[in-house]
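First the structure, in the form of structure tokens, and then the observations on it.
The values are calculated or read from the model by the stated rules, or taken from the named source; none is laboratory data. All of these numbers come straight from a predicted model, not from anything done at the bench. Ideal geometry is used to build each Cβ from the backbone, glycine not excepted, and the neighbour counts take in all protein chains shown.
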């Protein structure tokens, strides 16, 4: 579609700017000399004040979400799938004839105008994007990034952490399959990590990955999963098996770090879990296709700072370590619990399903994931399903899922709002 140049031809207004994908685009646009404003109902409620302050510090003007941001100098409205037409910003822009751009359309513009590494897959995207970014930055490639997770490296510089403009032609982004937007992108390097049921049925996701591969301009990187082999022709395959071009050998999984070899070169990554070894292999493969030597990647991965809320240890109290993890689909939940089990003889897991529609779609898969991951001594509590507003049908409860897990012989309980006390342990 035709819309104003986001660099210097007018102000773009973001409805729902506090969202991870939206805030990343807004920051990147203003970092590349664009003009940006935004609104968010969370800001209107006095929430997420730190995020608001960081956006304003970059020069982004925040309006109430009442349509006042759609005035004469607004050249485009940027929305995500979560922004409904009844939102005043949307309704007024539509009435005034202001171009309305989905965030994936804007991201596809940036993907096309940079030598972009786009990372897709149903698990691990934020971590792999961060690893690629840190490798490229440490090896002098001055990359930019637009991602969904907040990099600790960028947070330490006073930023939100999900966007950066490095000045070169290399851009690293997440390519999201949850809303189908991955098929919009035509990257230089396409990466697909894995494929499991998440938001859509596996065959639907597989079709999107096929189109994504066909639109990749330079090289394609893919995991060794059997359900990805139909897109692996002429690709750089990573994994643990014999078909992998970038293959990990002699893997040692410790509670706080992991060790492995690639082409007889020894790696140590400061993040635990087999899934993070796989993430590192994907990053190594992607950077290798860009011409970075494998040996040059050792030090950046050894010093990898990580991503906020990706198995992030918050501290230890009374001998209990508290870990925050953003796992939100069954495969990620299983990996997080399995990783925690390497650190302790007992895991107390607290999880809040996000959204009624996604949870309904994955309900059986969540039951299976928790049932298979939990050991006899472990215990799970589910908080009530998070409701983000909108028209979602709220016709079941997290307690219904708890009952199914408990019926499988696992320790599981329901934690109603304001009734989760320490003596439940």
Which numbered condition in (1) farther than 13 Å from residue 191 by Cβ; (2) surrounded by fewer than 20 Cβ atoms within 10 Å (Cβ to Cβ) is the only one that residue 292 fails?
(2)
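Would a scan of region 221-237 turn up a residue that is within 21 Å of residue 141 (Cβ to Cβ), in a loop (DSSP other than H, G, I, E, B) and modelled with pLDDT of 95 or more?
The answer is no, given that none of the residues of region 221-237 is within 21 Å of residue 141 (Cβ to Cβ), in a loop (DSSP other than H, G, I, E, B) and modelled with pLDDT of 95 or more.
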Would you pick out the residues in region 96-136 that are out of contact with any strand residue (DSSP E or B) (no Cβ under 9 Å at 6 or more places or on another chain) and over 19 Å from residue 183 (Cα atoms)?
97, 135
Among the residues of region 229-244, write down those that are more than 22 Å from residue 115 (Cα to Cα), touching a strand residue (DSSP E or B) at 6+ places or on another chain (Cβ under 8 Å) and loosely packed, with under 14 Cβ neighbours inside 10 Å.
241, 243
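Quick check: anything in region 220-228 within 19 Å of the chain's Cα centre (by Cα), under 24 Å from residue 115 (Cα atoms) and in contact (Cβ under 8 Å) with a residue 40 or more places away in the chain? Don't jump to the end; show me each part of the working.
Filtering region 220-228 down to residues within 19 Å of the chain's Cα centre (by Cα) leaves 221-223.
From what is left, the residues that are under 24 Å from residue 115 (Cα atoms) are 221-223.
Filter again for in contact (Cβ under 8 Å) with a residue 40 or more places away in the chain, leaving 221, 223.
Looking through region 220-228, at least one residue is within 19 Å of the chain's Cα centre (by Cα), under 24 Å from residue 115 (Cα atoms) and in contact (Cβ under 8 Å) with a residue 40 or more places away in the chain.
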Residues that are at positive phi, surrounded by 22 or more Cβ atoms within 10 Å (Cβ to Cβ) and under 24 Å from the mean Cα position of the chain (by Cα): list the helices (runs of 4 or more DSSP H) wholly contained in region 15-66 that include at least 2 such residues.
none
